[in-house]
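The values are calculated or read from the model by the stated rules, or taken from the named source; none is laboratory data. As the structure is a computational prediction, the values presented were derived from the model and not from experiment. Cβ sites come from the backbone with ideal geometry, for glycine too, and all protein chains shown count toward neighbours. Keep in mind that these areas ignore ligands, DNA and RNA; they rest on the heavy atoms of the full protein, side chains included. Shrake-Rupley method; radii C 1.70, N 1.55, O 1.52, S 1.80 Å.
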Amino acid sequence: MNTTNVLRPGPARLGLLLLLVASAAQLCAAQGAPSVSKVEPPSWWAGHSVNPVRLLIRGRNLEGARVEAVASVAGGGVEAGLVRVNQRGTYLFLDLHVARDARPGPRQIRIRTPGGAADFTFEIAIPLAKPGRFLGFTTDDVIYFIMPDRFSDGDPSNNNPAKSPGLYDRARPRFYHGGDFQGIIDRLPYLRELGVTAIWINPVYDNTDRQDEKETYPEVEGGPKRPTTAYHGYGAIDFYGVEEHYGTMAKLQELVYRAHAAGIKVIQDQIANHTSPYHPWVEERPTPTWFYGTPESHLSNNWQKWTTMDPHATLATRRRNLEGWFIDILPDLNQDDEEVRRYLIQNTLWWLGAVGFDAVRMDTLPHVPRDFWRDWTAAIKAEYPSVNVLGELFDGDPALLSYFQRGRTGHDRIDAGIDTLYDFPTHYALRDAFAKGESVRKLAQVLAHDHLYPRPEALVPFVGVHDMLRFMSEKGATVEGLKLAQTFVMTTRGTPLLYYGDELAMPGGPDPDNRRDFPGGFPGDRRNAFTKAGRTAVENEVFDHLKLLGQLRRELPALRRGSLLHVYDDEQQTAFARMWDTWPAVITVFNNDTKPATFTLDVTETGLREDERLTDRLGVIKDTLRVKDGRVTVTLPARSASILTAPRPAIARRDA
Ligand SMILES: [Ca+2]
Ligand SMILES: [Ca+2]
Ligand SMILES: [Ca+2]
């Protein structure tokens, strides 16, 4: 590494010109002309909490580079600072100080080396207005998770891009199927009808442009291993690019703009742990320590997530968890390298600022050093205080999940600052209870661990995501069981997350079968399940059930914000009340048994008054129930649930 140096003022010709003298130590007489092929980030903002911004510039023959001039038609306000060039002259790190009053517009930056000069353009962008953006999601929201490639193909012209031809084949489960941003835009009314208020979409980075011959799988059981594609979005080759199969940056910005106009927030999926094995960094590292290891020599990930907090783990075991390459293939970014750390933090802030996302979903939390998460989350909050982070820690142990939540300092003295996590513990319990028919008591037992979390109410319960078989393909699963599971996630504490297709009771085995195309989203589909007429009777039953649950969440703030009290607990029956402010308690009652059940809830601690009349908003119990001696007796058919509440809010009655 070649660190520098002296900043001295240059002649002011086109705006502010600066000369920066780099170390001459590595200047080479026979050096070829420099060139610049990539500037990351391509733009930044005046008045940003990160200043200077550090540019990572890819090129050739950059040895001995100095910034000769920063020129602008719009005026100055940009000064070059630190310059470092890597040993092979292929990457240059450059600090740009952006004055608070720097006017938006392009800046022409000239780099000079002994071999010549190269220019590139850097944009001082106009910041997006903060109102209506960067909102974060809350328990008032219902999140819907979309795999863009599998949801809706709104623009067939991008299915076989010139940049990455031959990756589109709807007959192959690990190839692109054509879904895109336009398809999501087209389906916003559908999402609104379902009651969705936030969407999480898989990473939009520019992904691998070729068939992946490193990560191969059989396409039929027992068949030969075949190449795959990064249709899922988790194989970035450019963290500042947009995947061309999904659309353009402008189309992504339009998607977020239109979603916001429809009252739907957008959560960006990000990855800080690894890249595509085809990322240019793998061949040419910006720093020698850019990755943990090299393609030839690296650790293999042991998936031992718990070693993060295991006082008995060896250092070697912990390192394999943090530094090991996933499936021995995905290059593992080294967040202990200061340049990598800065790059990743700026990258997150750039996407938020350039597109106006409301929140971030972050991949693979436990495989990245926790002090990185601390710094990364702090940087997000410094610029966007309301933007929150949904972290993926794929584990059913509340002790491990809670260890990462904001407000909890671990034995490593680090608060990772992650606002909320996927509620895998309730996920596993609800699959066991409502699909496999095991005891429903498991749910209450899992929730008994909520004391471990600084904010259990911020968790994100879900029935399924793209990494496990769908509910309907679990052994023993029924539509009744699916509806029970959906009733649970829509009425327990937290912000519920729905996986596209689960509203249709879509089946699906393990990845990639759990990522089937949404019927009606693709040219030539025989039916259109985005419409009532295009759905089967069963699909409409489940869709209508979820829609009703969404309506009840909107109507009853207790379901969104209330505290939670278990009011009944038995092997196959359970009930909990949600209580908030002056609203009457809302009680969700489950009978998970295969036969009807009559049981009595004790509601004395729910605030419901004697003789209060309760109705079942799911319509399973037809009669009005009454609170008698602090108790309510319910009779539920097999595999059914009720949502009981007083007919009108108490406050409304008082006012009336
Ligand atoms: Ca398309
Ligand atoms: Ca691509
Ligand atoms: Ca890692």
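Laid out as a table, the results:
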quantity: Strands (runs of 3 or more DSSP E) lying entirely in segment 548-650 (those with 1 or more residues that are under 20 Å from residue 495 (Cβ atoms), basic (Lys, Arg) and open to solvent by less than 30 Å² (accessible area, probe 1.4 Å)); calculated: 573-579
quantity: Residue list for segment 40-52, restricted to those being surrounded by fewer than 22 Cβ atoms within 10 Å (Cβ to Cβ), out of contact with any Asp or Glu (no Cβ under 7 Å at 6 or more places or on another chain) and closer than 18 Å to residue 338 by Cα; calculated: 40, 50, 51
quantity: Qualifying positions in segment 618-632 - among the hydrophobic types (A, V, I, L, M, F, W, C) and either in contact (Cβ under 8 Å) with a residue 24 or more places away in the chain or within 11 Å of residue 608 (Cβ to Cβ) (or both); calculated: 618, 625, 627, 632
quantity: Candidate set: segment 503-519, residues that are touching a residue at least 60 places away in the same chain (Cβ under 8 Å) and either polar (S, T, N, Q) or more than 15 Å from residue 465 (Cβ to Cβ) (or both); chosen: the one least open to solvent (accessible area, probe 1.4 Å); calculated: 518
quantity: Residue check for residue 525: touching a His at 6+ places or on another chain (Cβ under 7 Å), assigned to a loop (DSSP other than H, G, I, E, B) and more than 27 Å from residue 633 (Cα to Cα); calculated: no
quantity: Which listed residue is over 16 Å from residue 148 (Cβ atoms) and within 13 Å of ligand 2 (Cβ to nearest atom), from 291, 239; calculated: 239
quantity: Which listed residue, of 410, 464, is closer than 26 Å to residue 326 by Cβ, in contact with a His (Cβ under 9 Å, 6 or more places away or on another chain), in a loop (DSSP other than H, G, I, E, B) and at pLDDT 95 or above; calculated: 464
quantity: Residue check, residue 244 open to solvent by 10 Å² or more (accessible area, probe 1.4 Å) and more than 10 Å from ligand 2 (Cβ to nearest atom); calculated: no
quantity: Residue count for segment 192-208, restricted to those that are out of contact with any Lys or Arg (no Cβ under 6 Å at 6 or more places or on another chain) and either within 16 Å of ligand 2 (Cβ to nearest atom) or within 22 Å of residue 272 (Cβ to Cβ) (or both); calculated: 9
quantity: Residue in segment 183-192 that is within 16 Å of ligand 1 (Cβ to nearest atom) and β-branched (Val, Ile, Thr) present; calculated: yes
quantity: Output for segment 247-258, where each listed residue is within 17 Å of the chain's Cα centre (by Cα) and within 16 Å of ligand 2 (Cβ to nearest atom); calculated: 252
quantity: Output for segment 224-249, where each listed residue is within 16 Å of ligand 3 (Cβ to nearest atom) and in contact with a His (Cβ under 7 Å, 6 or more places away or on another chain); calculated: 236
quantity: Residue tally, condition in a helix (DSSP H, G or I), within 29 Å of residue 211 (Cα to Cα) and either away from ligand 1 (no atom under 16 Å from the Cβ) or of a type in the set (A, V, I, L, M) (or both), over segment 235-271; calculated: 5
quantity: Single residue of 368, 360 found to be touching a Ser or Thr at 6+ places or on another chain (Cβ under 9 Å), touching a residue at least 60 places away in the same chain (Cβ under 8 Å) and closer than 27 Å to residue 468 by Cβ; calculated: 360
quantity: Where residue 89 falls short, out of the listed (1) modelled with pLDDT under 60; (2) open to solvent by less than 10 Å² (accessible area, probe 1.4 Å); calculated: (1)
quantity: Condition met for residue 224 (more than 21 Å from the chain's Cα centre (by Cα) and within 16 Å of ligand 2 (Cβ to nearest atom)); calculated: no
quantity: The listed residue being out of contact with any Cys (no Cβ under 6 Å at 6 or more places or on another chain), of a type in the set (Gly, Ala, Ser) and under 23 Å from residue 55 (Cα atoms), out of 247, 223, 293, 235; calculated: 235
quantity: Filter result (out of contact with any Ser or Thr (no Cβ under 9 Å at 6 or more places or on another chain), within 16 Å of ligand 2 (Cβ to nearest atom) and either at pLDDT below 95 or among the hydroxyl-bearing types (Ser, Thr, Tyr) (or both)) within segment 259-288; calculated: 275
quantity: Every residue from segment 532-547 that is open to solvent by less than 60 Å² (accessible area, probe 1.4 Å) and farther than 23 Å from residue 460 by Cα; calculated: 534, 535, 539, 540
quantity: Residue check for residue 315: over 30 Å from residue 60 (Cα atoms) and either more than 16 Å from ligand 3 (Cβ to nearest atom) or in contact (Cβ under 8 Å) with a residue 12 or more places away in the chain (or both); calculated: no
quantity: Lone qualifier among 152, 157 - being under 25 Å from the mean Cα position of the chain (by Cα) and of a type in the set (S, T, N, Q); calculated: 152
quantity: Selection status of residue 352, away from ligand 3 (no atom under 15 Å from the Cβ), of a type outside the set (D, E, K, R) and closer than 27 Å to residue 199 by Cβ; calculated: yes
quantity: Qualifying positions in segment 283-296 - of a type in the set (Val, Ile, Thr), touching a residue at least 24 places away in the same chain (Cβ under 8 Å) and within 15 Å of ligand 3 (Cβ to nearest atom); calculated: 289
quantity: Residue in segment 220-229 that is part of a loop (DSSP other than H, G, I, E, B) and surrounded by 17 or more Cβ atoms within 10 Å (Cβ to Cβ) present; calculated: yes
